[in-house]
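Taking it in order: structure first as structure tokens, then the write-up.
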Amino acid sequence: MSELNMESFEELLESSLKSIRNGEVVEGTVIDVKEDEIILNIGYKSDGIVSRKEYTNVPNADLRTLVSVGDVMTTKVLKVNDGEGQVLLTYKKLAAEKSSEKLEAAFENKEVLKATVSQVTPGGLSVVVDEVKVFIPASLVSDVYEKDLSKYNGQEIEFVITEFNPKKRRIIGDRKQLVAAEKKAMQEELLAKISEGMVVEGTIKNVTDFGAFVDLGGIDGLLHISEMSWGRIEHPKKVFKVGDTVKVLIKEISANKIALSLKFEDTNPWKNANEKYAVGNVVTGKVARMTDFGAFVELEAGIDALLHVSQISRAHVEKPADALKVGQEIEAKVVDFNEEDKKISLSMKVLEPEVAEEAVEEAAEEAVVEETVAEETVAEEAVETTEE
């Protein structure tokens, strides 16, 4: 081919290829992929190059795992000639522009978006929507305070855009209102299904000094320490831990507050107490606590009886601690049973034989006589010594 014909062919070929300019959006086919760059045929006299940093924000990403030969990509021209005859393209910036438009529409329409948390800081969470970062402040992550947000790292979450200002690179997301709305819906659904007297299953959510909060599936019910057992509970943490599953009785519903109980009527120790603790019955129990006027004896979990100080022994007892100690097992007779007020009175004294009382009195009298004789003897000896 002559030199003239060759020039004509090149001119014809070049005229058949499209012209491009900086900022133009072009579509191309991947003809080669390297670890750090993608080569595209964009229908121009030179191939287009997308570097790693112009494809993704992920550092050291291997592009060979993300793109394949034959894929069709839409990119934007950064520079028509990079000095080596190649066209520099960006996929990331074009995606960000499209995403920005998408986020703006979502902001205006209050659309619920979903994305994976890419970064967690003490101040909040960051998610990336098509290469655009959205920040969710810690105060807008949940409807309750969460000190540690690390559990959200890598988790897919839903949110809405509440502030959109791309010029200042300030796009704020809000998850809190979605959580609150979902919780409210669950509460309404739960309240419509439950009623006082029902037995339901829940999960221990928190344990405090005064009780435990039980998640019933939308509403937390309070299981007060006084409702954990018919007997005494030293501390709720000795009975429950977070995550435990429990079946509880709904004792009371007031608005959205629910009081729970584990005092089921079929386990009420007072149910047959009038038979077990009838007046005249001899019973055993453990000294639970003491006061100046008597000792309270636990007959079984949920039933305490009073052992008055005057009923401890036929011998005089100044105060209960002089004759008893907490935890001591005793035997006594029921001398009074009041089912209505749930009060039982005991006596240890009546189980002591009367002779024991007489023996004590005689011993006391003998001691007084001996003491008197001794005093008289000492006095006589003193007089004799003085006369001499």
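Annotations for the structure displayed:
- Cross-link pairs exceeding 23 Å between alpha carbons, from the set K276/K349; K193/K238; K110/K151: K193/K238; K110/K151.
- Residue-normalised accessible area of the chain, expressed per residue, 1.4 Å probe, Å²: 62
- Taking segment 235-317 and dividing mean pair separation by its residue count, relative contact order in percent (alpha carbons under 8 Å, at least six apart): 15
- Share antiparallel - DSSP beta bridges, the chain, percent rounded to 5: 90
- In this structure the amide hydrogen of K79, modeled in the peptide plane, comes within under 5 Å of the amide hydrogens of L88, none closer than 5 places in sequence on its chain.
- Rounded to whole Å, sorted largest first: equivalent-ellipsoid semi-axes of the chain, Cα gyration tensor: 93, 26, 16
- Given K286/K319; K92/K133; K114/K184; K271/K343; K53/K92; K176/K257, the pairs whose alpha carbons are separated by over 19 Å: K114/K184; K176/K257
- The Cα atoms of segment 48-149 define a convex hull whose projected area, averaged across directions, is 9.0 nm².
- Globularity ratio of segment 121-237, using Cα Rg and 2.2 N^0.38 Å: 1.43
- Converting phi to 3J(HN,Hα) with the Karplus coefficients 6.51, -1.76 and 1.60 and the offset θ = phi - 60°, segment 112-126 yields 7, 10, 9, 7, 8, 5, 9, 8, 10, 10, x, x, x, 10, 10 Hz in sequence order, with x at every glycine or proline.
- Under a 5 Å amide H cut-off, with hydrogens placed 1.01 Å from N, G211 pairs with I225 among residues at least 5 apart or on other chains.
- In a simple Cβ point-charge model (Lys, Arg +1; Asp, Glu -1; nothing else charged), segment 142-187 has a dipole of about 300 debye relative to its Cα centre.
- The phi-based Karplus calculation (6.51 cos²θ - 1.76 cosθ + 1.60; θ = phi - 60°) puts the 3J(HN,Hα) values of segment 228-238 at 7, 6, 5, x, 8, 10, 5, 7, x, 5, 7 Hz, whole numbers, x for Gly and Pro.
- Euclidean distance of C-alpha centroids, segment 279-350 and segment 40-89, integer Å: 90
- The alpha carbons of segment 190-327 stretch over 63, 31, 24 Å along the principal axes, in descending order.
- Loop chymotrypsin sites (Phe, Trp or Tyr not before Pro), segment 82-160, which have at most 12 other Cβ atoms in a 10 Å radius of their Cβ (DSSP): Y145
The values are calculated or read from the model by the stated rules, or taken from the named source; none is laboratory data. Just so we're clear, the structure is a prediction, and the values are computed from it rather than from any experiment. All Cβ positions, even for glycine, are placed from backbone atoms using ideal geometry, and neighbour counts span all protein chains on display. Ligands, DNA and RNA are excluded from the accessible area calculation, which covers all protein heavy atoms including side chains. Shrake-Rupley method; radii C 1.70, N 1.55, O 1.52, S 1.80 Å.
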